[in-house]
Amino acid sequence: MRLFILTVFLFVISCSGIKHSAETSQKGFNEAVRYEGLKARVSVVVFCKANRCDKKLASSVKDLLINELVPSNRFVMLERGEGLKEIKKEILLSQSEVIDIKRAVPAGLLESADILIVGAITSVKPDSTIFFVPVLLPWREGGRQHITGGLLEFRKSYIQMIVRLVDVRTGRIIKSVTGEGEFTRWNVLFGEGAFKEGGAVGGVALSSRTPIEKAVFDLVKKISKEIIYSIPEKYYRYR
């Protein structure tokens, strides 16, 4: 009996986490056909509007989105945020007396974006139970009543982001799209108890969480496609 229970338990564990929407290591659509045409000049900002969102999550989404857009070869990606602050420091340092003036970086060469990609994270659900199935199996051994049981949960992590493409020169919104990312898996709680004269003599339990990072990867994969095919052709004008 115990061997049968252990076999079933290991099978359920092995099935856990098989289904999910995206992995950044997989070959993406950007790698299928190499784009060699003119590029659009863009920058990316991401901020939070959801209760469970913080600056760290927003920064991760921004970095992953840039990392997904760059290989498409369709954009001149311009650094903003903390990266831009460091660039300014380096320019000021190059123009100081501690650097050879012949090797100084000239001021005024930074490029401006034609399109600002503005992402607003509007919903974050990092570890939600969609439904669960309880399982109980009573049996006897050695004069004790045993109960082996478990709880199968279907869990989901979810994130939603609204992305606006804004013309920097005019402030006009070119397009607004909504992207969603999710990661689903079966979660297992398992326990066993033995009872004699009303007393419990043993038991175990196992559980795991559904990571929000997998949902973020899924979101970035989907929203990057929307961005690429939503920018009007007239903005592609740079080498």
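The values are calculated or read from the model by the stated rules, or taken from the named source; none is laboratory data. On a predicted model such as this, the values are computed, not experimentally measured, just so you know. All Cβ positions, glycine included, derive from the backbone under ideal geometry; neighbour counts span all protein chains shown.
With (1) in contact with a strand residue (DSSP E or B) (Cβ under 8 Å, 6 or more places away or on another chain); (2) touching a residue at least 12 places away in the same chain (Cβ under 8 Å) as the list, and Leu110 as the residue in question, which single condition is left unmet?
Exception for Leu110: condition (1).
How about segment 77-91: which of its residues are more than 14 Å from Leu109 (Cβ to Cβ) and among the aliphatic types (A, V, I, L, M)?
Listed by number, the list holds a single entry, Met77.
Would you confirm whether or not segment 131-147 contains a residue that is under 30 Å from Ala215 (Cβ atoms) and touching a Phe, Trp or Tyr at 6+ places or on another chain (Cβ under 6 Å)?
Yes.
Yes or no: segment 207-227 includes at least one residue that is crowded, with 19+ Cβ neighbours inside 10 Å, touching a Ser or Thr at 6+ places or on another chain (Cβ under 8 Å), at pLDDT 80 or above and part of a strand (DSSP E or B).
No, segment 207-227 has no match at all.
Kindly provide the set of residues from segment 81-110 that are of a type in the set (Asp, Glu) and more than 39 Å from the chain's Cα centre (by Cα), ordered by number.
If the condition is that a residue be of a type in the set (Asp, Glu) and more than 39 Å from the chain's Cα centre (by Cα), then Glu97, Asp100 are the ones that fit.
Return the only residue of Asp100, Asp54 being at pLDDT 90 or above and either crowded, with 17+ Cβ neighbours inside 10 Å or of a type outside the set (Lys, Arg) (or both).
Testing whether each residue is at pLDDT 90 or above and either crowded, with 17+ Cβ neighbours inside 10 Å or of a type outside the set (Lys, Arg) (or both) leaves just Asp54.
From the residues in segment 103-116 that are part of a loop (DSSP other than H, G, I, E, B) and at pLDDT below 85, which one is farthest from Tyr229 (Cα to Cα)?
Of all residues in segment 103-116, those part of a loop (DSSP other than H, G, I, E, B) come to 104-114.
Among the residues that remain, those that are also at pLDDT below 85 are: 104-109.
On the way: Ala104: 39, Val105: 36, Pro106: 36, Ala107: 34, Gly108: 32, Leu109: 29 Å.
Checked segment 103-116; the qualifying residue farthest from Tyr229 (Cα to Cα) is Ala104.
Scan segment 83-95 and give yes if some residue there is of a type in the set (S, T, N, Q), in contact with a Leu (Cβ under 6 Å, 6 or more places away or on another chain) and either surrounded by fewer than 17 Cβ atoms within 10 Å (Cβ to Cβ) or touching a residue at least 24 places away in the same chain (Cβ under 8 Å) (or both), otherwise no.
no
Name the residues in segment 65-82 that are surrounded by fewer than 19 Cβ atoms within 10 Å (Cβ to Cβ), more than 25 Å from Lys214 (Cβ to Cβ) and in contact (Cβ under 8 Å) with a residue 40 or more places away in the chain, would you?
Asn73, Val76
Working carefully through the options Ser96, Ser123, Ser128, find the one that is closer than 27 Å to Ser230 by Cβ and polar (S, T, N, Q). Full working, then the answer.
Working: Ser96 fails: closer than 27 Å to Ser230 by Cβ; Ser128 fails: closer than 27 Å to Ser230 by Cβ.
Only one candidate qualifies: Ser123.
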